[in-house]
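S.K.: One structure is given below, represented as structure tokens, and several questions about it will come after.
The values are calculated or read from the model by the stated rules, or taken from the named source; none is laboratory data. This one's a predicted model, so the numbers in the text were calculated from it and none came from an experiment. Here the Cβ is made from the backbone with ideal geometry for all residues, glycine too, and neighbour counts use every protein chain on show. Accessible surface is based on the protein model in full, side chains and every heavy atom, while ligands, DNA and RNA are left aside. Shrake-Rupley method; radii C 1.70, N 1.55, O 1.52, S 1.80 Å.
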Amino acid sequence: MRDLVVTENITLDGVIDATAGWFTVGNDAVDDQADILAELAAHTAACDAMLFGRATFEDMRGYWPEQDDDQTGITDDLNQIAKYVVSRTMDDPQWQNSVVLRGLDDVRALKEQPGKDIVSTGSITLVHDLMAAGLVDEYRLFVYPVVLGRGARLFQDEWEAPKLQLVETKPFKSGVVLLRYRPA
């Protein structure tokens, strides 16, 4: 069975909503992110599928394919990798190598197929559903040294989190720290 990995950029106080401008990507990044990009490249090599909710998928589809001077390699990786979008309303994903899944049963079936890791990033509504269904095998949290005090959180107050086991910590030059957890 393939691992389903949730990868999130997250603030110290648990916010993953990036609309406040605390998180930048690709050529827009303000700090030297060479070490983070190298880590992401290693993660990309270990996966062969990305899983998105509809809103995040549409945001990604509207941004990454348009980046023709991407120095990070993210554009090429995203265009080539198999992308799955969970949506009840979308019919044509309009992005190469993309498939629409209708719900969590389709995600379970995807996990049963042979292959490498399946990574979900952003997609907070989907991620909350995946967590509630017990489908997450690993959390990779890139913790940014920012406190917002408000915004969408990965771990909601009413959700009972499983016991997690820390499997790796890795600091980066920018002050970001990767924390990897697996359900214990």
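S.K.: Sort the stretch 40-100 into rounded, prolate or oblate with this rule: let a ≥ b ≥ c be the square roots of the eigenvalues of the Cα gyration tensor; rounded if a/c is under 1.5, and if a/c is not under 1.5, prolate when a/b is larger than b/c, oblate otherwise. The partial results should precede the final answer.
M.R.: On the way: a/c = 2.26, a/b = 1.42, b/c = 1.59.
Oblate, since a/c reaches 1.5 and b/c is not below a/b.
S.K.: Find how much the distance from R150 to V177 grows on full extension, using 0.36 nm per residue of separation minus their present alpha carbon separation; answer in nm with one decimal.
M.R.: On the way: separation 27, 0.36 × 27 = 9.72 nm, distance 2.06 nm.
Between R150 and V177, full extension yields an extra 7.7 nm.
S.K.: What list of ³J(HN,Hα) values in whole Hz, one per residue of the stretch 176-184 in order, does the Karplus curve 6.51 cos²θ - 1.76 cosθ + 1.60 (θ = phi - 60°) give from phi, with Gly and Pro shown as x?
M.R.: Couplings: 6, 10, 8, 10, 10, 10, 10, x, 6 Hz.
S.K.: Using a 1.4 angstrom probe and counting only protein chains, how large is the accessible area of L164 in Å², to 10?
M.R.: Approximately 50 Å² for this residue.
S.K.: Sort the following peptides by mean Cβ neighbour count (other Cβ atoms within 10 Å, averaged over residues), highest first: 167-173, 11-17, 59-65. Each step should come with its number before you reach the end.
M.R.: Numbers: 167-173: 12.4, 11-17: 17.9, 59-65: 15.4.
Taking the mean over residues of other Cβ atoms within 10 Å, the ranking is 11-17, 59-65, 167-173.
S.K.: Give the percent of DSSP beta bridges with both residues in the chain that are antiparallel, rounded to the nearest 5.
M.R.: Numbers: 13 of 37 bridges.
If I count the DSSP bridges inside the chain, around 35 percent turn out antiparallel.
S.K.: Net charge around K170, counting only other residues with Cβ within less than 12 Å of its Cβ (Lys, Arg = +1; Asp, Glu = -1)?
M.R.: Numbers: positive: R140, K173, R180; negative: D35, E39, E168.
Taking every other residue near K170 into account, the sum is 0.
S.K.: Quick one: how many Å² of D77 are accessible to a 1.4 Å probe, rounded to 10?
M.R.: For D77, solvent-accessible area is about 60 Å².
S.K.: Can you tell me the equivalent ellipsoid semi-axes for the chain? Use √(5λ) from the Cα gyration tensor, largest first, whole Å.
M.R.: 23, 21, 16
S.K.: In deg cm²/dmol and to the nearest 500, what is the mean residue ellipticity at 222 nm of the chain if only DSSP H runs of at least 4 residues count, each as -39500 (n - 2.57), divided by the residue total? Write down the numbers at each step before the final one.
M.R.: Details: 5 runs with 47 residues, N = 184.
Roughly -7500 deg cm²/dmol at 222 nm, from the helical runs in the chain.
S.K.: Cross-link partners among aspartates and glutamates for K173, C-alpha distance below 19 Å, same-chain residues fewer than 8 apart left out?
M.R.: Result set, ordered by chain and number: E8, D28, D31, D32, D35, E39.
S.K.: Per residue, how much accessible area does the chain show when a 1.4 Å probe rolls over the protein heavy atoms, in square angstrom? Write out the running numbers ahead of the final one.
M.R.: On the way: 9620 Å² over 184 residues.
It amounts to 52 Å² per residue over the chain.
S.K.: So, one more: Please list, in chain and number order, the residues 5+ apart from A152 or on another chain whose amide H is under 5 Å from its amide H, with Hs placed from the backbone.
M.R.: Long-range HN contacts for A152: I16, D17.
S.K.: Over the heavy atoms of K116, what accessible area does a 1.4 Å probe trace out, to the nearest 10 Å²?
M.R.: 100 Å²
S.K.: Classify the stretch 121-184 as rounded, prolate or oblate, taking a ≥ b ≥ c as the square roots of the eigenvalues of its Cα gyration tensor: rounded when a/c is under 1.5, otherwise prolate if a/b is larger than b/c and oblate if not.
M.R.: Working: a/c = 2.05, a/b = 1.27, b/c = 1.61.
Verdict is oblate for the stretch 121-184.
S.K.: Report the extension gain between Q96 and A184 in nm, rounded to one decimal, defined as 0.36 nm multiplied by the number of residues separating them, less their alpha carbon distance. The partial results should precede the final answer.
M.R.: On the way: separation 88, 0.36 × 88 = 31.68 nm, distance 3.67 nm.
Contour length minus Cα-Cα distance gives 28.0 nm.
S.K.: Also: Using modelled backbone amide H atoms (1.01 Å from N, in-plane), which distant-in-sequence or interchain residues come within less than 5 Å of L164's amide H?
M.R.: Amide H neighbours of L164, under 5 Å, 5+ apart: A184.
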